[in-house]
Amino acid sequence: MKTPRPLARASAVTALATAAALLPATAWAATPSWAPVDTAAVHPGVQTHTNGAQCTSNFVYSNGTDVFLGQAAHCSGTGGSTETNGCSAGSLPIGTPVEITGASKPGTLVYNSWLTMQSRHEADANTCQYNDLALVKVDPADVSKVNPSLPFWGGPTGVNTTGTKQLGTVLSYGNSELRGGITQLSPKQGTSLGDTGGGWSHTVLTVTPGIPGDSGSGFLDRDGNALGVLSTLNLLPQPGTNGVGDLSRELAYANAHGGLGTVQLVPGTAKFRGPLI
């Protein structure tokens, strides 16, 4: 297995971010027919492989026509682990095939925040450093196999647009190959240590931190709203914490500049079960 794009970036707080148009808390309004939650082969948390690099998918999205599975933009990165600034790091091109566990055909990389920022010559430091979202179009032959519910936790119920507070509860589901298929280790609960990067990122601490292969996995707040996308393993100043990119800002950027129309989070069909304690 190719070593996954590592979750390695020193946590940093830079200048004020430019204001972003945030998505509403309610998600996709349509009610398509999804696969039953108990038998769906494709869902948030399944593994993705991009040119050999394994990541974890975060949530299901749609523009009303196509169905997308989210992963981190750095999952298709071509540079080293220290190349984490999306405005300068290399990436595989749009159109790259992405293997999706449970799907019969590869998906297609149709949006990558790194490539989009580079094409636009994005100059905002926080946006460059923390905007880490990619969308993989599910092949039409596999759409009937998709359910948007997050394993174990259920939901998401919508999109978090308010960020997190110190010690706020966060929930996630990682699916790294390094866990050897032991799914009992996938659900994680922890706390937020606060927002960084002008709200573009959230520093989180879970009982077991995200590891390589968990990249891209989705985080929920205590109400089941989709908070963000696992992007980094922070080395300093808080070793063992993870950086989670803010999904509301990342989606707003994709909708403003991605050329896919209005892409929205699809809420889960399984009821959100809430924090364990």
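The values are calculated or read from the model by the stated rules, or taken from the named source; none is laboratory data. Model, not experiment: these values are computed from the prediction. All Cβ positions, glycine included, derive from the backbone under ideal geometry; neighbour counts span all protein chains shown. Accessible surface areas use protein heavy atoms only, side chains included; no ligands, DNA or RNA. Shrake-Rupley method; radii C 1.70, N 1.55, O 1.52, S 1.80 Å.
With respect to being more than 28 Å from G199 (Cβ to Cβ), open to solvent by 10 Å² or more (accessible area, probe 1.4 Å) and modelled with pLDDT of 95 or more, V146 falls outside the description. For the stretch 207-238, name all the residues that are open to solvent by less than 10 Å² (accessible area, probe 1.4 Å), assigned to a strand (DSSP E or B) and at pLDDT 90 or above. Correct list: G218, F219, L220, A226, L227, G228, V229, L230, S231.
For the stretch 47-87, the set of residues classified as open to solvent by 10 Å² or more (accessible area, probe 1.4 Å) and within 23 Å of T262 (Cβ to Cβ) consists of N63, G64, T65, D66, V67, listed by residue number. In the stretch 255-277, the residues that are under 30 Å from Q118 (Cβ atoms) and of a type in the set (A, V, I, L, M, F, W, C) reach residues that are in a helix (DSSP H, G or I) and open to solvent by 30 Å² or more (accessible area, probe 1.4 Å) with C-beta atoms within less than 8 angstrom, at least six apart or across chains, in these pairs: V263/N255. If you check T116, T127, T108, which single one turns out to be in a strand (DSSP E or B), of a type in the set (S, T, N, Q) and surrounded by 16 or more Cβ atoms within 10 Å (Cβ to Cβ)? Residue meeting the stated conditions: T108. Does at least one position in the stretch 165-181 carry a residue that is modelled with pLDDT of 95 or more, farther than 25 Å from D66 by Cβ, assigned to a strand (DSSP E or B) and not aliphatic (A, V, I, L, M)? Yes, because at least one residue in the stretch 165-181 is modelled with pLDDT of 95 or more, farther than 25 Å from D66 by Cβ, assigned to a strand (DSSP E or B) and not aliphatic (A, V, I, L, M). In the stretch 255-277, the qualifying residues are those that are open to solvent by 40 Å² or more (accessible area, probe 1.4 Å) and at pLDDT below 95, and the one that is nearest to Y111 (Cα to Cα) is R273.
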